[in-house]
Amino acid sequence: MYQTTYHRASSVDEAASLFAKGTEAKFLAGGQTLLPVMKQRLASPSDVIDLGKIKELQGVELSGDVLTIKAGTTYFDIMQNADVQKAIPAIAYLTSVLGDPAVRYRGTIGGSIANNDPAADYPAALLALGATVKTNKRSISAEDFFQGLFTTALEDGEIITAVSFPVPAKAGYAKMRHPASRFALTAVFVAQTKSGEIRVAATGASQSGVMRVPAIEAALKAKWSPAAIDGVSVSASNLLADIHGTAEYRANLIKVMAQRAVTAAG
Amino acid sequence: MGVEGIGARVVRKEDKRFITGKGRYVDDIKLQGMTHAHFVRSPHAHAKVKGIDSSAALKMPGVVAVLTGQQIVDDKVGNLICGWAITSKDGSPMKMGAWPAMAPETVRFVGQAVAVVIADTKNLARDAAEAVVVDYEELPAVADVHAAIKAGAQQLHPEAPGNQVYDWVIGDEGATDAAFAKAANVVKLDVTNNRLAPNAMEPRAAIADYDAAEEHFTLYTTSQNPHVARLVLSAFYNIAPEHKLRVIAPDVGGGFGSKIFIYPEEMVALWASKKVGRPVKWTGDRTEAFLTDAHGRDHVTHAEMAFDANNKITGLKVKTYANFGAYMSLFSSSVPTYLYATLLSGQYNIPAIHAEVIGVYTNTTPVDAYRGAGRPEASYLIERLMETAARQLKVDPAALRRSNFITEFPHQTPVIMAYDVGDFNASLDAAMKAIDYAGFAARKAKAKTEGKLRGIGLSCYIEACGIAPSKAVGSLGAGVGLWESAEVRVNPVGTIEILTGSHSHGQGHETTFCQLVAERLGVPISQVSIVHGDTDKVQFGMGTYGSRSAAVGLTAILKAMEKMESKAKKIAAHALEASEGDIVIENGEFKVAGTDKAIAFPMVALAAYTAHNLPDGMEPGLKESAFYDPTNFTFPAGAYICELEVDAGTGKTSFVNFVAADDFGRLINPMIVEGQVHGGLAQGIGQALLEHAIYDANGQPVTASFMDYSMPRADDLPSFNLSHTTTLCPGNPLGIKGCGEAGAIGASAAVINAITDAIGKNNLEMPATPDRVWRTIHAA
């Protein structure tokens, strides 16, 4: 690890002003990606501003049909939260298959979506549920937030404060775990909103990060059942291919995981 | 058996320090004035080193020195050696290129060191290493066996034309050809045995400390065999004569073979400590472990098996290409030859075998012994062949094996090995009963109704362990003898220290070796300690690998114990005014048989050291040593059966059951044996389903971290169902065969045989990743 200066911020405003003072500052929001990358000397931030002790970034609120998870809430706390389990159990399940126990004690939802790893779990949930990302400056729809591999709508120094999920009528998640990293080799989140809209998002599959799968959405719109997806053709073009899965395999997984997610959603 | 004697499930003495974080590993050791080394490593798989500019690095804070490959050559530090000479079929010796500890002219794999920075801290050394400018001229690379043997392929070493180290054969080619000419059926199979990275929990590390006044070096290192390290460093690398070099291997966190070898980093640390006049520490990180720890396996094989009309095997032909990587590591040459082809008879009566092994260089990390070393490759090949044969001949795979089992012992195979004892039917019976083999067809049919593909796979393995009789290995080209030594030191009040040349790096010797003493003397194991891993304390030893420590190391202890007991009996007889022949040892006392006359063992010890009343002419003291050279290999064997289901939608495998019925001869501590089997099975299953060290076509490693290299985790594995059948090894007095490698040798074939049974297609390579299985299911 290169030399860096560590700061522990006590408020979002303080974190923002510390960031502005640094030459190449980075926010630490759990650090499950940032710290390994720094240890391998692939990142050399001048300042690391830890958001982990900021009280206003902690917790979960369920208000009517909106579930809000504050950005600094750890995966473990999300998984254990009664409101999450009640309102959107698919999110609790997704969190339970994310990483491993050590990662779940440290990692946060804000850290995950700010990093926007193309194989991360949460982006699929945000996109399928039509969530809104709240920052210290504005609100951004999930659709607009995720902009490709490791790229988001966040501006320099902008801090995610919370994610708001509209509570769906039904939702389900199915994941094929990457055998080494435990990210998604391919995973699919399906949701049926209370207004009847069908949204399907796949992660770990596309070369441009999390994506909607319109063909499967159309099939599920016609009939909400796993069998409805049988005849859908998912193209392998523009899908990721690596030592753990060919593009054709990932195209197959999009279908199979979508079917299993529908089964899980009920 | 006492509560702490042979056969007792004694809790491991060493675990108190390990599970409370009090182990003392090399990296825990800090010496006064210690500097830290960081290596400058090649980013290229193959390149000329045109120049190294250290000027900027030398000006950086805390930098003590930057040393290069040319300097180590100039100082006449020896090149790394390969300690087992193999002769090609044309009678020529194996052809090896030089391997300097740091490359002065040419780098041949990604991660090969070209220079080292010595600095006050690790981080400063690392900072400065980034400022060392190396001018490389890239050369084309050959990344695998297929590329290496192609006509016109880029050559690695001028000494080895065609990138070929040797072309070695074993067996009777004429007899084998004749068997095939008369065969009723021939079964053919092509298999790749995937390359693995060993990944011991503790990365390699070294601290070198040079005492200029005494011209004496001390090396703390992560070694499975510190005496062998000292021998090689002294005799071949010109570091220092043996009496001026102390090697200490303290607690070592796993080896699996990868810590047998003497690597460039230890050599450089020693050399550098003299150059800079301060101790030098190097601790590898995980990336360096992936890049520089010797890899395992990596064979490409074509095999054919001939059967007569009664489904009896009549012949076996094998042609294997073994990838050695860029240089010949210490024992690499023996692995695909004498540790592989000599086991190709498996558990079967095969009248004629012929095998050819071609060793090749590639621009990859050197390959050497890894848990099982050659025997997993042999076992995997034979057991996949047997399963393939059963399918082709349409007979039950268990029945085909039984009809070909060797049932009479001793049995001389056509490939050197003389099996001393075994009962292969007994282990197969035990495994089949444990898994309810007879009920499998019904379970498979039921699974099918639930949309699941269920399969069962057998693997009847045999290995050659206890490595090995010195005369035998010497005649086959080994540069060392493979005996073991021991010393029993009884202290004046009766506590006992056992000094052993074996080295424990996870095996539990501090417990099992004490159990032998408890068994013989009836003293508690708390009165006994095991001393190992230090060339200043233990006179000599060959170390731990090849499942040898109980069969060879413990037998050496037994021999020393017998000598000590013999003297102690004389002392006791003298004190009790009895005849030496009437003395028996029971519960820590020396008794006159059939009487109540007795003297406690501590009093015997005290008498030996006070020497006030010893028999006439007897020397004081109670300390004996022994060397033990085994008379044969030992032959652990067993039957593994795996039952699993494959998800046709994803290709993912889920275990239903895994049974292992092993014959290890006598067990010293069944709990520790089970732990050894669990770990071995995890590595065997890891090879079958998950692990693969991969290079791209340019020789760049693509699995150099745990984000890409799939290590088996607990939830990837089933709960193992273990049992033991026992035939005592006649080759050593305790009847021990060894248990350290069995799981890794036998497991992979059982898994692949089960998957191919489930999906109804035989053509499947390891690791059987979900992607690969899915593509195989859906292949035309």
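Computed from the coordinates by the stated procedures, all read-outs in this text should not be read as laboratory data. Since this is a predicted model, take the numbers as computed values, not measurements. All Cβ positions, glycine included, derive from the backbone under ideal geometry; neighbour counts span all protein chains shown.
For chain A, what is the relative contact order in percent, using Cα pairs closer than 8 Å and at least 6 residues apart in sequence? Across chain A, relative contact order equals 15 percent. By definition, a body whose alpha carbon gyration tensor gives a ≥ b ≥ c is oblate when a/c is 1.5 or more and a/b is not larger than b/c, and region B:630-727 fits this oblate description. Listed from fewest to most Cβ neighbours within 10 Å, the set B:774, B:168, A:224 follows the order A:224, B:168, B:774. What distance in nm separates the two pseudo spin-label positions at residue B:566 and residue B:396, each 7 Å out from Cα along the beta-carbon direction? Distance between label points: 5.3 nm. Inter-part distance, region B:179-224 to region A:14-36, computed on C-alpha centroids, equals 43 Å. Consider a paramagnetic label point 7 Å from the Cα of residue B:235 along Cα→Cβ; state which residues of region B:527-555 have an amide N under 19 Å from it. Within reach of a label on residue B:235: B:534-536, B:538-545. With all projection directions averaged, the alpha carbon convex hull of region B:159-244 covers 11.4 nm². For chain A, a Kirkwood radius taken over Cα pairs fed into Stokes-Einstein (10 °C, viscosity 1.306 mPa s) yields D = 85 µm²/s.
Computed extension length for residue B:715-residue B:403: 108.6 nm, one decimal, from 0.36 nm per residue of separation with the Cα-Cα distance subtracted.
Only helical runs count toward this figure. For chain B, summing -39,500 (n - 2.57) over DSSP H runs of n ≥ 4 and dividing by all residues gives -8500 deg cm²/dmol at 222 nm.
Across region B:249-268, the residues whose backbone nitrogen lies under 18 Å from the label position 7 Å along the beta-carbon direction of residue B:537 are B:249-254. Any of B:244/B:275; A:53/A:137; B:319/B:737; A:255/B:452; A:55/B:122 with alpha carbons more than 25 Å apart? Name them for me. In this structure, B:319/B:737; A:55/B:122 lie more than 25 Å apart at Cα.
As a calculated quantity, the FRET efficiency between residue A:136 and residue B:24 at R0 = 41 Å, using C-beta atoms, amounts to about 0.25.
Using 0.36 nm times the number of residues separating residue B:471 and residue B:613, minus their current alpha carbon distance, what extension gain do you get?
Length gained between residue B:471 and residue B:613: 46.8 nm.
What residues of region A:216-255 lie in the reach of a label at residue A:40, counting those whose backbone N is under 15 Å from a point 7 Å from the Cα along Cα→Cβ? Counting backbone N atoms under 15 Å from the label point, the list is A:243. Applied to region B:19-29, the Karplus parametrisation 6.51 cos²θ - 1.76 cosθ + 1.60 on θ = phi - 60° returns per-residue 3J(HN,Hα) values of 7, 9, x, 9, x, 10, 9, 4, 5, 6, 8 Hz, with x for Gly and Pro. Entry note, region B:483-628: relative contact order of 33 percent, from Cα contacts under 8 Å with a spacing of 6+ residues.
Between region B:28-48 and region B:90-141, the C-alpha centres lie 11 angstrom from each other. Counting charges near residue A:180 (Lys, Arg +1; Asp, Glu -1) among other residues having Cβ under 12 Å from its Cβ returns a value of -2. With 0.36 nm allotted per residue and the present C-alpha distance subtracted, the residue B:600-residue B:433 stretch has 55.3 nm of extension available. Run the Debye formula on the Cα coordinates of chain B, all scatterers equal and no solvent, and tell me log10 I(q)/I(0) at q = 0.06, 0.10 1/Å. Relative scattering, expressed as log10 I(q)/I(0), comes to -0.39, -1.05.
By the beta-carbon count within 10 Å of each Cβ, the least crowded to most crowded order of A:223, A:137, fewest first, is A:223, A:137. Sorting the segments B:15-26, B:218-229, A:33-44, B:696-707 by their residues' average number of neighbouring beta-carbon atoms within 10 angstrom, most packed first, yields B:218-229, B:696-707, A:33-44, B:15-26.
Label-to-label distance for residue A:10 and residue B:3 is 5.8 nm, based on points extended 7 Å past Cα in the beta-carbon direction.
Cross-link pairs exceeding 29 Å in C-alpha to C-alpha distance, out of A:26/A:170; A:175/B:444; B:259/B:317; A:39/B:13, comprise A:26/A:170; B:259/B:317; A:39/B:13. Measuring r between the beta carbons of residue A:55 and residue B:215 and using R0 = 56 Å, the FRET efficiency lands at 0.30. Taking a ≥ b ≥ c as the square roots of the Cα gyration tensor eigenvalues, region A:5-50 comes out oblate, since a/c reaches at least 1.5 and a/b does not exceed b/c. Summarising the label geometry, the points placed 7 Å from Cα in the beta-carbon direction at residue A:17 and residue A:143 lie 3.8 nm from one another.
In which sequence would B:444, B:244 go, from the one with the fewest C-beta neighbours within 10 Å to the one with the most?
B:244, B:444
Each Cα pair under 8 Å and six or more residues apart adds its sequence gap; the mean of these over the residue count of chain B is a relative contact order of 16 percent. Of the DSSP H helices in chain B, those that are both long (alpha-carbon extent of 15 Å or more along the helix axis) and hydrophobic (Kyte-Doolittle mean at least 1.0) are B:742-759. Averaging Cα coordinates gives a centre for region B:582-616 and one for region B:257-327; these two points are 51 Å apart.
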